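Visitor: Submitted below is the structure of interest, expressed as structure tokens.
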Amino acid sequence: MKPRPRIAFLLTQLGTVAARRFAERVGELGITPADAGALRIIAFSPGISQRDLAERLGVGPSRIVALMDRLTAADLVVRRRSATDRRNHELALTEHGQRTMAALREVGMAHEQDVTAALTDAEVSELGALLTKLAAAAGLDPEVHPGYRSG
């Protein structure tokens, strides 16, 4: 009987290498992977409140305040008081944030290509479907890295 592959271990190995390489790539843009994830959500949900962003990422409001302080200081995000609820801040990308997001898309596509370079197009499709199925079974949001919750 052929031994079963150590899927969980292999996923951890590959995930660690992919995360390190991604961090290096986005670091060249002057941002961290956490910044990149937040920018992506804001880009696809302009006007999202800090409270909703915190909920989406599964973190406390104080972590979002610190993250948004960093992103506003870097001129990537602007915070505005909500016109409908003055207790909330709505978030949007600045022009610099939009340019950074465009560069981030290019980095993401190159990273994806590098990670899957050893596979055929059919294998990439199959692997993507299988990983999506496993992520859904684990209750993961396909748009949010679980690292926000732990760090």
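Visitor: Which one is surrounded by the most Cβ atoms within 10 Å (Cβ to Cβ), of the residues in the range 49-81 that are in a loop (DSSP other than H, G, I, E, B) and at pLDDT below 95?
Guide: Val59
Visitor: Identify, from the list Thr84, Thr120, Thr116, Thr132, the residue that is open to solvent by 30 Å² or more (accessible area, probe 1.4 Å), hydroxyl-bearing (Ser, Thr, Tyr) and under 19 Å from the mean Cα position of the chain (by Cα).
Guide: It is Thr132.
Visitor: Can I ask one more? With under 19 Å from Glu24 (Cα atoms) and either touching a strand residue (DSSP E or B) at 6+ places or on another chain (Cβ under 8 Å) or in contact (Cβ under 8 Å) with a residue 60 or more places away in the chain (or both) as the only criterion, which of Ala74, Ala110, Ala117, Ala102 stands out?
Guide: Answer to the selection: Ala110.
Visitor: Let me ask you something else. Report yes if Glu143 is acidic (Asp, Glu) and either assigned to a helix (DSSP H, G or I) or open to solvent by less than 70 Å² (accessible area, probe 1.4 Å) (or both), otherwise no. Talk me through it step by step, then tell me what you get.
Guide: Numbers: acidic (Asp, Glu): yes; either assigned to a helix (DSSP H, G or I) or open to solvent by less than 70 Å² (accessible area, probe 1.4 Å) (or both): no.
Against the criterion (acidic (Asp, Glu) and either assigned to a helix (DSSP H, G or I) or open to solvent by less than 70 Å² (accessible area, probe 1.4 Å) (or both)), Glu143 does not qualify.
Visitor: Take Arg21 and tell me if it is within 17 Å of the chain's Cα centre (by Cα) and either small (Gly, Ala, Ser) or within 24 Å of Gly128 (Cβ to Cβ) (or both).
Guide: Values: within 17 Å of the chain's Cα centre (by Cα): yes; either small (Gly, Ala, Ser) or within 24 Å of Gly128 (Cβ to Cβ) (or both): yes.
Taking the combined requirement at face value, the residue satisfies it.
Visitor: Looking at (1) outside any loop (DSSP other than H, G, I, E, B); (2) closer than 12 Å to Met101 by Cβ; (3) not polar (S, T, N, Q), which is the only condition Ile31 fails?
Guide: Here Ile31 clears every test but (1).
Visitor: Same structure, new question: Determine if the range 18-37 includes at least one residue that is open to solvent by less than 50 Å² (accessible area, probe 1.4 Å) and among the acidic types (Asp, Glu).
Guide: Among the residues of the range 18-37, at least one is open to solvent by less than 50 Å² (accessible area, probe 1.4 Å) and among the acidic types (Asp, Glu), which makes the answer yes.
The values are calculated or read from the model by the stated rules, or taken from the named source; none is laboratory data. Being a predicted model, the structure only gives us computed values, none of them experimental. Because the Cβ atoms are built from the backbone with ideal geometry, glycine has one as well, and the counts that use them run over all protein chains shown. Only protein heavy atoms, including side chains, enter the accessible area calculation; ligands, DNA and RNA are left aside. Shrake-Rupley method; radii C 1.70, N 1.55, O 1.52, S 1.80 Å.
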